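One structure is given here, and the rest of the page talks about it.
The values are calculated or read from the model by the stated rules, or taken from the named source; none is laboratory data. Here the structure is a predicted model, which means the values were calculated and not measured. Because the Cβ atoms are built from the backbone with ideal geometry, glycine has one as well, and the counts that use them run over all protein chains shown. What goes into the accessible areas is simple: the full protein's heavy atoms, side chains included, and nothing from ligands, DNA or RNA. Shrake-Rupley method; radii C 1.70, N 1.55, O 1.52, S 1.80 Å.
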Amino acid sequence: MGVIAIVDLGIGNLANVRKALGGVITDDPYEIERAEKLVLPGVGNFGAVVEKLEPLRGVILDAINEGKPFLGICLGLQLLFQESEESPGKPGLGVFEGRVVKFQGVRTPHIGWNQLWKRKECPLFEGIKDGAYFYFVHSYYAVPGEDVIAGVTDYESKGKKVVFTSAVCRENIYAVQFHPEKSGKNGLILMRNFRRL
């Protein structure tokens with residue numbers, strides 16, 4: 001079992017991620033480069049996090065391009081796309097085509113337990129039922145411009161329903177909009193599946 005690097009951007013509670021996943025919390029490019037798997041957790045403002053990410057952009061993209069398993073969590077999913085309405089002019093990692101938009105006409109943030117509906121086979125979901133519940137906290141969601149959607153979630157409030165992308169996967173790249181580290185048993189299964197990849 002190789003080392004999992006949990007990328008530390010100085011935001012969010014990474015201890016919970018490490019508890020669920022193992023691995024090392026680090027912002028050292030050399031340690032990230034040496035790791036066999038990468039996890040990018042994120043909370044907060046897209047633009048502010050993109051700035052913190054800048055020194056590590058190259059080493060993260062190299063790891064993804066080399067085929068190392070990569071897991072983005074919450075904002076870590078959004079950062080894989082080209083841009084976000086939250087921070088115009090601040091480019092994301094651009095691994096996937098598409099952009100991140102704000103919820104319209106529903107209460108924000110979308111917070112609490114909600115269901116994941118699978119859209120395609122993804123090794124992360126092994127042993128997880130369709131419609132399983134996970135824990136969300138976010139006001140923005142990704143709109144992919146390519147076929148990477150692995151799961152969607154329905155968010156209903158104020159008489160309106162938004163169906164948004166809650167999980168993506170392509171080859172070695174996986175990302176979820178929810179917080180597996182706060183999602184009880186289903187979250188632990190998902191983390192275990194990532195560890196086994």
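Find how many whole Å separate the alpha carbon centroid of segment 17-66 from the alpha carbon centroid of segment 117-181.
After rounding, the separation between the Cα centres reads 21 Å.
Let me spell out the model: positive unit charges on the Cβ of Lys and Arg, negative unit charges on the Cβ of Asp and Glu, origin at the Cα centre of the chain. What dipole size does that give, in debye rounded to 20?
The dipole of the chain has a size of about 840 debye.
Give me D for segment 105-190 in µm² s⁻¹, whole number, from Stokes-Einstein with Rh from the Kirkwood sum over alpha-carbon pairs, 10 °C and 1.306 mPa s.
121 µm²/s
For the chain, with every protein chain kept in place, what is the accessible area per residue (1.4 Å probe, Å²)?
Ligands and nucleic acids excluded, the result is 45 Å² per residue.
Taking amide H atoms as placed 1.01 Å from N in the peptide plane, list the residues 5 or more away in sequence, or in a different chain, whose amide H sits under 5 Å from that of GLY23.
Sorted by chain and number, the residues that satisfy this are ILE4.
Could you sort GLU86, GLU97 by accessible area so the largest value comes first, with the probe set to 1.4 Å?
The most accessible residue leads, giving GLU97, GLU86.
Taking LYS120 as the anchor, which aspartates and glutamates have their alpha carbon closer than 16 Å to its alpha carbon, excluding any fewer than eight residues away along the same chain?
ASP130, GLU146, ASP147, GLU171
So for ASP147, ASP8, what's the accessible-area order with a 1.4 Å probe, most first?
Ranked list, largest accessible area first: ASP147, ASP8.
For a quick check of your reading of the filter: which GluC sites (Glu not before Pro) in segment 1-67 sit in a DSSP loop and have no more than 13 other Cβ atoms within 10 Å?
The qualifying sites are GLU66.
Using only Cα atoms, what Kirkwood radius does segment 1-53 have, in angstroms?
Taking the inverse mean of 1/r over all distinct Cα pairs, segment 1-53 comes out at 11.4 Å.
Tabulate in residue order the Karplus-calculated ³J(HN,Hα) for segment 141-157, using 6.51 cos²θ - 1.76 cosθ + 1.60 with θ = phi - 60°, rounded to whole Hz; enter x for Gly and Pro.
8, 7, 10, x, x, 8, 7, 10, 6, 9, x, 10, 9, 9, 10, 10, 7
Give the list, by residue number, of cysteines in the chain with no other Cys Cβ closer than 4.7 Å, or say none.
For the chain, the answer is CYS74, because their Cβ atoms have no other cysteine Cβ under 4.7 Å.
Before rounding to the nearest 500, sum -39500 (n - 2.57) across all DSSP H runs of length at least 4 in the chain and divide by the residue total; then give [θ] at 222 nm in deg cm²/dmol.
That comes out to -6500 deg cm²/dmol.
Could you state, as a whole-number percent, how many of the C-alpha pairs of segment 59-163 are farther apart than 21 Å?
40 percent
Carbon-plus-sulfur fraction of the accessible area of the chain, 1.4 Å probe, in percent?
Carbon with sulfur: 47 percent of the solvent-accessible area.
By the gyration tensor of its Cα atoms, with a ≥ b ≥ c the square roots of the eigenvalues, what is the shape of segment 154-193: rounded for a/c under 1.5, prolate for a/b over b/c, or oblate?
oblate
Would you pull out the residues with amide H under 5 Å of LYS90's amide H, same chain only if 5 or more places away, H placed 1.01 Å from N?
For LYS90, whose amide H was placed from the backbone, the distant partners under 5 Å are SER84.
Treat the chain as a sphere of radius equal to its Kirkwood radius over Cα pairs and apply Stokes-Einstein at 37 °C in a medium of 0.692 mPa s; give the translational diffusion coefficient in µm²/s, rounded to a whole number.
199 µm²/s
Within the set LYS19/LYS68; LYS37/LYS158; LYS37/LYS118; LYS19/LYS129, which residue pairs have Cα atoms separated by over 30 Å?
As for pairs spanning more than 30 Å Cα to Cα, those are LYS37/LYS158.
Could you tell me whether segment 90-143 comes out rounded, prolate or oblate from its Cα gyration tensor? Rule is a ≥ b ≥ c as square roots of the eigenvalues, rounded for a/c under 1.5, then prolate if a/b exceeds b/c, otherwise oblate.
oblate
Please sort through the DSSP H helices of the chain and keep those with an alpha-carbon extent of at least 15 Å along the long axis and a Kyte-Doolittle average not below -1.0.
In the chain, the long hydrophobic H runs are 184-196.
Taking the Cα centre of the chain as the origin and placing charges on Cβ (Lys, Arg +1; Asp, Glu -1), which of TRP113, GLY2, LEU61 is farthest toward the positive end of the dipole?
The one lying farthest along the dipole's positive direction is TRP113.
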